[in-house]
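The structure appears below as structure tokens.
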Amino acid sequence: MTTLADTTLADGQWHRLHPATPLLRGGIFIVAVLGFVVANLRERLVDFFFGVPATEGDPIDEIYRRGAVGWALLGIAVILVVILVVFYFAWRMHTFRVNQESVEVRSGLLFRSHRKARLDRIQGVNIVRPLVPRLFGAARLEVSVAGQDANVQLAYLKSALADDLRRDILRLASGARGQPVGADADPADPGQASVPPVGAPLAGSAAARFATERMHDFLSPELDPDAAPPESVVTIPPGRLIGSIVFSGFTVVVLVFVIALIVSVTVGGTGWLLFAILPGVIGSAGYYSSRITKSLRYSIAGTADGVRVGFGLLSTSNETLPPGRIHAINVSQPVIWRPFGWWQIRINKAGHSTNQGAAGQASTTTLPVGTLADVAKVLELILPGFDGDEQRTLIERGMLATGRHQDGFTNAPRRAAWLRPFSWRRTGYSLNRGVALVRRGVLARELVLVPLARLQSVAVRQGPVQRMLRLASVRLHTVTGPVYATLPVIGIDDSVRFFESVSAAAITSAQADTSHRWNGHHPTGVTS
């Protein structure tokens, strides 16, 4: 049995990335060079397929006329080799290490940089497997840290070793130092494939084993069965996913352009507008396709080190959000989704991943689309301890109730209708078990939940019109993100009581919170 300090990648020593990294990172430049060549061959391609003679000044014709074809090919080869050599030396100089306190990365060929992510500042660990690196069995690991441009990326690692490294980083960050990993680590370099035990039979040739591993990688679930339950607590049917993307604001814009296109062609006879708008309409098809494929195989489940969210069909991503890293939660329902009973959940977190989340949206989208039951399941994961019968009833009322009757919320008074004529009844707040709930919106319904242990500050504002009506607005300040915990109108006396209650509860919750070291007091390394 080994400890964290004995594992290969969390041993405090410097390691290199996957050997295919120079090819994977330099591939975009190689594609750019090949694209330049193809662009200059366009006249030849048009002549070959359509029989249209090439125009004067074609670079390919000029090279052929001067007899410099060999030199041109040699120049292209030299450029490609130089690109790979540069990225090879950059790979040699790119190293990382994980110790008891931080994750460090040293990189740069001419200009050196040294980045360090403290373990107690980690907000999440994301593993992304783009399509091409997946063919090489590689993955990109990103450690999300509180602060702007503070993330640390390891691009690329062997896919299986990236999962192992994430597990070690999270266990170290949890405070479970010196605790058992559960199995001896693979002693191979992070870029190399694991070596089978001595005497173990080799299953076919190396090529066959490589193909089998890649097939398993493409078909295996995004959630690691060893770290999370084998099945996601929420499943998004493809029909619902497609419907949520189609019934969106972007579709309204596309329909407006299509209608304008049809009217302009049939009435005005301006056919040129067809060529002006048609590329955008075609591009919208790619937008829909991208968002759908990025949301397929969506999964979310709880682990000992937080909530694991995975998604993607060709290029996959899965992120682990450790306990106590979610600062605010927004449950919303656009009016166009109401007939279907669909909802969406977004969160605020201190770290900002550079990768997109489910449905091609920001990485703060935890549930792209789900039913009321799906929302309850996800909230149980991302807001542990707030799952009693009283809390579930309060959440449901915050999402669905109109505010006409006593429902556990302190609502805005009738005079607030002067400022919010339609939504004043649904504008209100509630405090329960160290969580502030803010309800607002009548067309687009919203419920915001703020764990008071994560609260930054609370502010009460009153403009001249609000002062005349004895109203005020309240805002709970959290880290930057898509969720705004704002009460646009509330009675002045209720705002004062809300301010005092939230201030006192936030101090009490912060003093009792130990989620930043969620395994620090569990000698077995298992959370309850």
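Among the candidates Pro482, Pro488, Pro421, which residue alone is in a loop (DSSP other than H, G, I, E, B) and under 31 Å from the mean Cα position of the chain (by Cα)? Working first, answer last.
Working: Pro488 fails: in a loop (DSSP other than H, G, I, E, B); Pro421 fails: under 31 Å from the mean Cα position of the chain (by Cα).
The match here is Pro482.
Cβ contacts < 8 Å: first residue closer than 27 Å to Glu101 by Cα and at pLDDT 90 or above, restricted to region 12-23; second residue among the β-branched types (Val, Ile, Thr) and crowded, with 17+ Cβ neighbours inside 10 Å, any location; separation 6+ or different chain. Result?
Note: pairs meeting the criteria are His15/Thr8.
Examine region 486-501 for a residue that is open to solvent by 80 Å² or more (accessible area, probe 1.4 Å), of a type outside the set (Gly, Ala, Ser) and touching a helix residue (DSSP H, G or I) at 6+ places or on another chain (Cβ under 8 Å), and state whether such a residue exists.
The answer is no; no qualifying residue exists.
Per-residue answers, yes or no, for (1) part of a helix (DSSP H, G or I); (2) polar (S, T, N, Q); (3) open to solvent by 10 Å² or more (accessible area, probe 1.4 Å); (4) at pLDDT 90 or above:
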site	(1), (2), (3), (4)
His352	no, no, yes, no
Asn355	no, yes, yes, no
Ala362	no, no, yes, no
Leu367	no, no, no, yes
Val375	yes, no, no, yes
Leu381	yes, no, yes, yes
Gln391	yes, yes, no, yes
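Go through (1) closer than 29 Å to Val128 by Cβ; (2) surrounded by fewer than 22 Cβ atoms within 10 Å (Cβ to Cβ) for Arg415 and report which single condition fails.
Going through the list (1) closer than 29 Å to Val128 by Cβ; (2) surrounded by fewer than 22 Cβ atoms within 10 Å (Cβ to Cβ), Arg415 breaks only (1).
Restricting the first residue to region 88-117 and requiring it to be closer than 13 Å to Leu17 by Cβ and of a type in the set (A, V, I, L, M), which pairs with a second residue that is open to solvent by 50 Å² or more (accessible area, probe 1.4 Å) and in a strand (DSSP E or B) meet a Cβ separation below 6 Å and a spacing of at least six or different chains?
Listed by first residue and then by second, the contacts come to Val105/Arg115.
Which residues, counting only those in region 302-313, are over 10 Å from Leu381 (Cα atoms) and under 16 Å from the mean Cα position of the chain (by Cα)?
To start, the set of residues in region 302-313 that are over 10 Å from Leu381 (Cα atoms) comprises 304-305, 309-313.
Scanning region 302-313 gives Val309, Gly310, Phe311, Gly312, Leu313.
Find the helices (runs of 4 or more DSSP H) located wholly in region 61-180 whose residues include 2 or more that are out of contact with any helix residue (DSSP H, G or I) (no Cβ under 9 Å at 6 or more places or on another chain) and crowded, with 16+ Cβ neighbours inside 10 Å, and list them. Walk me through how you get there before you give the answer.
Details: elements: 69-93, 131-135, 159-173.
In region 61-180, the matching helices (runs of 4 or more DSSP H) lie at 159-173.
Of these, Leu314, Leu273, which one is open to solvent by 10 Å² or more (accessible area, probe 1.4 Å), modelled with pLDDT under 85 and assigned to a loop (DSSP other than H, G, I, E, B)? Reasoning before the result, please.
Values: Leu273 fails: assigned to a loop (DSSP other than H, G, I, E, B).
Selected residue: Leu314, the only one of Leu314, Leu273 that is open to solvent by 10 Å² or more (accessible area, probe 1.4 Å), modelled with pLDDT under 85 and assigned to a loop (DSSP other than H, G, I, E, B).
What about Arg426, is it open to solvent by less than 40 Å² (accessible area, probe 1.4 Å), touching a helix residue (DSSP H, G or I) at 6+ places or on another chain (Cβ under 7 Å) and free of Cβ contacts under 8 Å to residues at least 60 places away in the same chain?
Numbers: open to solvent by less than 40 Å² (accessible area, probe 1.4 Å): yes; touching a helix residue (DSSP H, G or I) at 6+ places or on another chain (Cβ under 7 Å): no; free of Cβ contacts under 8 Å to residues at least 60 places away in the same chain: yes.
When the stated conditions are applied, Arg426 does not pass them.
Considering only region 460-476, state which residues are surrounded by 15 or more Cβ atoms within 10 Å (Cβ to Cβ) and under 34 Å from the mean Cα position of the chain (by Cα).
Matches in region 460-476: Val460, Ser473, Val474, Arg475, Leu476.
Could you give me the residue pairs with C-beta distances under 6 Å whose first residue belongs to region 157-174 and is over 13 Å from Val128 (Cα atoms) and among the polar types (S, T, N, Q), whose second residue is open to solvent by less than 10 Å² (accessible area, probe 1.4 Å) and at pLDDT 90 or above wherever it lies, and which are 6+ apart or on separate chains?
Final answer for the pair search is none.
The values are calculated or read from the model by the stated rules, or taken from the named source; none is laboratory data. For clarity, every value in this text was computed on a predicted model and none was experimentally measured. Virtual Cβ from ideal backbone geometry, glycine too; neighbours counted across all protein chains shown. Surface accessibility is based on the protein's heavy atoms, side chains included, excluding ligands, DNA and RNA. Shrake-Rupley method; radii C 1.70, N 1.55, O 1.52, S 1.80 Å.
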